[in-house]
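The values are calculated or read from the model by the stated rules, or taken from the named source; none is laboratory data. Model, not experiment: these values are computed from the prediction. No Cβ is skipped: glycine too gets one built from the backbone with ideal geometry, and neighbour counts run over all protein chains shown. Note: accessible area is taken over every heavy atom of the protein model, side chains too, but ligands, DNA and RNA are not part of it. Shrake-Rupley method; radii C 1.70, N 1.55, O 1.52, S 1.80 Å.
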Amino acid sequence: LCLNETMAEYSKKHNNANILCMGERIIGSEVAKRILKTFIETKFEGGRHDRRLEKIEEFGSEDLK
């Protein structure tokens, strides 16, 4: 859930998010456009963030066994 451009940037940059959710009643259409633009244009940094994502992936795969 991203309520501003900073949240959208960090969700992609640090978590490699591929889904963006925004609250219709919380933000206006112009802010939503800026959030979407930021989300689409931001690239995943990788590096130190890869470890966290690997842990999350391992945790999820254990539940499927």
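Within the range 1-26, can you find the residues that are more than 23 Å from Gly46 (Cα to Cα) and modelled with pLDDT of 95 or more?
Leu3, Met22
What's the number of the only condition in (1) at pLDDT 95 or above; (2) more than 15 Å from the chain's Cα centre (by Cα) that Glu57 fails to meet?
The number of the failed condition is (1).
Is there any pair with a first residue in the range 1-12 that is under 17 Å from Arg25 (Cα atoms) and touching a residue at least 24 places away in the same chain (Cβ under 8 Å) and a second that is in a helix (DSSP H, G or I) and of a type in the set (Gly, Ala, Ser) whose Cβ atoms are under 7 Å apart and which are 6 or more apart or on different chains, and what are they?
From the range 1-12, the pairs are Cys2/Ala8; Cys2/Ser11.
I need a count of the residues in the range 2-35 that are of a type in the set (A, V, I, L, M), more than 8 Å from the chain's Cα centre (by Cα) and open to solvent by 80 Å² or more (accessible area, probe 1.4 Å).
Total satisfying the criteria: 1.
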